[in-house]
Amino acid sequence: MRQIVLDTETTGLDPRQGHRVIEVAAIELCNRKVSERRFHRYLNPEREIDAGAAEVHGLTLERLQDEPKFAEIAPALLEFISGAELIIHNAPFDVGFLNKELELAGLPLLNSHCGSVTDTLKLAKELHPGKKNNLNALCDRYQIDNSHRTLHGALLDTELLAEVYLAMTRGQESLLDDGCDEQEERAAFLSGDMPRPVLRILAATEEELAQHAQQLAEIDKASKGACLWKQLEA
């Protein structure tokens, strides 16, 4: 399954109070490696940004005036995340905001487009109970350089979170061997475009055939003539 690390920045803390998404970023993981595929947009929220939020991410309404509105970029975002597992730190926050934006745009909610959502904050709390588990703390814990993170930014935070997630789940490589091109490879195989491997056929030896016949005779005797293999041979 494809994995997408996703983050947002917003005008405030609660979409139910009319706060909006002002930045969304997502990067793709393939086979537990960061791919070259990125999605990143700044957005015009059409409302003021709370002072507390602006202190966190440094974005202002003036800076965002000429950026697109969420409904304009929604189709491209949904195409990018389609069918993927989303990796999000404090997922209820971002999912709540994105679902509100999708609702305002008249589009189905997030779970209609992605495979599942993994909350790395919940995962971190399970791995490190009683400790700080914000992104900065996790970067320090897993020795990931975040010295350039002077402000929160969706794209930078997804890059850091991808490294944190891979560090937290190290050892799970064998569970993620499907690859990002699994569907394309399957389609090519079924269409005949992909070369089929040569099958090596190993014939049984005379000794093995004799052992097989003896085994069938014993089964037939024990079952009082009900051995299906013997009946098929007959």
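The values are calculated or read from the model by the stated rules, or taken from the named source; none is laboratory data. The structure displayed is predicted, hence computed values, not measured ones. Because the Cβ atoms are built from the backbone with ideal geometry, glycine has one as well, and the counts that use them run over all protein chains shown.
For the stretch 67-111, a residue qualifies if it is within 15 Å of Ile4 (Cβ to Cβ) and among the polar types (S, T, N, Q), and the qualifying residues are Ser82, Asn111.
Select from the stretch 147-167 the residues that are hydroxyl-bearing (Ser, Thr, Tyr) and under 17 Å from the mean Cα position of the chain (by Cα) and list them in ascending order. Step through it out loud before you land on a result.
Here is the first cut: in the stretch 147-167, the residues hydroxyl-bearing (Ser, Thr, Tyr) are 147, 150, 158, 165.
Within the stretch 147-167, Thr158, Tyr165 qualify.
Filtering Leu98, Leu86, Leu64, Leu77 for residues that are more than 22 Å from Tyr165 (Cα to Cα), surrounded by 14 or more Cβ atoms within 10 Å (Cβ to Cβ) and either aliphatic (A, V, I, L, M) or at pLDDT 95 or above (or both) leaves a single hit, Leu64. Of all residues in the stretch 42-58, those that are in contact with an Asp or Glu (Cβ under 7 Å, 6 or more places away or on another chain) and under 23 Å from Ala105 (Cα atoms) total 3.
Would you confirm, using the coordinates I've provided, whether Leu107 is in contact (Cβ under 8 Å) with a residue 40 or more places away in the chain and within 17 Å of Arg20 (Cβ to Cβ)? Against the criterion (in contact (Cβ under 8 Å) with a residue 40 or more places away in the chain and within 17 Å of Arg20 (Cβ to Cβ)), Leu107 does not qualify. Per the listing Leu29, Leu86, Leu61, Leu43, the residue uniquely within 19 Å of Asp157 (Cα to Cα), out of contact with any Leu (no Cβ under 7 Å at 6 or more places or on another chain) and in the same structural domain as His113 (by TED's automatic domain parsing) is Leu29. Specify which of the listed residues (Ile22, Ile27) is surrounded by 14 or more Cβ atoms within 10 Å (Cβ to Cβ), within 24 Å of the chain's Cα centre (by Cα) and more than 23 Å from Asn133 (Cβ to Cβ). Result: Ile22 is the single residue among Ile22, Ile27 that is surrounded by 14 or more Cβ atoms within 10 Å (Cβ to Cβ), within 24 Å of the chain's Cα centre (by Cα) and more than 23 Å from Asn133 (Cβ to Cβ).
Per the listing Glu55, Glu48, the residue uniquely in a helix (DSSP H, G or I), in the same structural domain as Val164 (by TED's automatic domain parsing) and surrounded by fewer than 19 Cβ atoms within 10 Å (Cβ to Cβ) is Glu55.
Against the conditions (1) at pLDDT below 95; (2) small (Gly, Ala, Ser); (3) touching a Pro at 6+ places or on another chain (Cβ under 8 Å), Gly58 satisfies every one except (3). Of all the listed residues (Ser112, Ser147, Ser174), the sole one being surrounded by fewer than 15 Cβ atoms within 10 Å (Cβ to Cβ), at pLDDT below 95, closer than 30 Å to Glu72 by Cα and in the same structural domain as His40 (by TED's automatic domain parsing) is Ser112. Cβ separations smaller than 7 Å between residues 6+ apart or across chains give the following pairs from the stretch 130-152 residues that are part of a loop (DSSP other than H, G, I, E, B) to residues that are among the basic types (Lys, Arg) and surrounded by 13 or more Cβ atoms within 10 Å (Cβ to Cβ): Asn133/Lys125.
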